[in-house]
Ligand SMILES: Cc1cc2nc3c(=O)[nH]c(=O)nc-3n(C[C@H](O)[C@H](O)[C@H](O)COP(=O)(O)O)c2cc1C
């Protein structure tokens, strides 16, 4: 499995959902950086299950055990390794369905790739639980980026057909990270939660979009063609389970616009040149232009649903149906926000360190 990412800041994720534990090794961190472990835990707890109704009932404390790379609260500069124990595994939920691949999940492709040798329990290494180590790495990178003036924000942009107010692309947004359901418009948030509850009552699931913004990222970082900021960010974002689309700035809307509207026009201000708008999402020619880096990330509906679905029975080699009664989120989006922020933090620190 290729679970490594990065050029200067390299992360390596390991573990399976129902194995002894999961974790991450982060290599290439600058030495002597102060790390506030309470902030790391706060970010990780936003990913953990159970913060809003409709979330999976799996209870994980997600306490990382730091094995190396931190000394007296500072990074040593040598590999930082954190392990998170799996404490609430219920493999019987999956053993019943092991021979019936879950539609939309990685059971069938995992079988095709590894010939049955991979651990299938709870999705094994394909499980979003692996993102706990990823979020830990993101929380570390985020604190280092903050010392350089870079801040990362995200909110639920949409769930099903309900949309929150979008970020103003040129200003620092409201920080909604501490909200149990992180939206800018509370009424829209209530409607979204009702959509999730309704999907759950229907034994079904729904998807949605996360909007993320990084402010304070300086102009002139990133590289043209394949090392560009959009492709680097996309490559790490598509590592998050259930991500099916990524767009920057005006994204797909830009295809319906015209040049005079979509171009971001430079203007002299007292403190230098800035752009008057941010349709590009902070990236032109693959290089940061000093405007906020703005992107959106689409998540598909949770594959595991209790409603009967068509699948195959590999024991009996015949067509069959499956009803997945395990513990699942009817919508993964609310728990995905810190994971998206982590992806942004790891990627932007990597680009920063490349210079
Ligand atoms: C935070 C989060 C939680 C998830 N929880 C579940 C879950 O409970 N059940 C499930 O079937 N899929 C869940 N997923 C999605 C699957 O992990 C994912 O769809 C699967 O690994 C296949 O990968 P793909 O959708 O990227 O192709 C979750 C994803 C995220 C980001």
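Just so it is clear, none of the values below were taken in a lab; they were calculated from the coordinates. Since this is a predicted model, take the numbers as computed values, not measurements. Cβ placement follows ideal geometry from the backbone for every residue including glycine, while neighbour counts extend to all protein chains displayed.
Taking all Cα pairs closer than 8 Å and separated by 6 or more residues, the relative contact order of the range 271-354 comes to 18 percent. Distances between every pair of Cα atoms in the range 250-355, grouped in 5 Å steps from 0 to the bin holding the largest one, split as 2, 9, 12, 13, 12, 12, 10, 8, 7, 7, 4, 2, 1, 1, 0 percent. Going from the fewest other Cβ atoms within 10 Å to the most, the residues 140, 225, 170, 236 appear in the order 225, 170, 236, 140. Expressed per residue, the C-alpha convex hull volume of the range 314-355 stands at 150 Å³.
Based on the Stokes-Einstein relation at 4 °C and a viscosity of 1.567 mPa s, and on the Kirkwood radius from alpha carbon pairs, the range 159-244 is assigned a translational diffusion coefficient of 83 µm²/s.
Say a paramagnetic label sat at a point 7 Å from the Cα of residue 252, along Cα to Cβ; which residues of the range 138-160 have their backbone N under 17 Å from it? What the label zone holds, given the 17 Å backbone N cut-off, is 157-160.
As a proxy for reagent exposure, ranking 350, 204, 310 by other Cβ atoms within 10 Å from fewest up yields 310, 204, 350. For a modelled paramagnetic label at residue 65, 7 Å from Cα along Cα-to-Cβ, the residues of the range 126-147 in reach, with backbone nitrogen under 17 Å, are 133.
Of the residues 201, 190, 129, the one with the fewest other Cβ atoms within 10 Å heads the list, and the complete ranking is 201, 190, 129.
With respect to the chain, whose longest principal axis is taken over its alpha-carbon atoms, helix 131-146 is tilted by about 10°.
The value of relative contact order for the chain, using C-alpha pairs under 8 Å at least six residues apart, is 23 percent.
Return one quarter of the surface area of the convex hull spanned by the alpha-carbon atoms of the chain, equal to its mean projected area, in nm². Its Cα hull, projected and averaged over all orientations, spans 18.8 nm². For the pair residue 204 and residue 87, label points projected 7 Å from Cα toward Cβ lie 3.7 nm apart. Applying 0.36 nm per residue to the separation of residue 268 and residue 313 and subtracting their alpha-carbon distance, the gain on full extension is 9.6 nm. Using the Cβ-Cβ distance between residue 98 and residue 148 with R0 = 56 Å, the FRET efficiency computed as 1/(1 + (r/R0)^6) comes to roughly 0.75. What the Cβ-Cβ distance of residue 72 and residue 10 gives, at R0 = 25 Å and to the nearest 0.05, is a FRET efficiency of 0.55. Angle of helix 186-201 to the longest C-alpha principal axis of the chain, folded into 0 to 90 degrees and rounded to 10: 20°.
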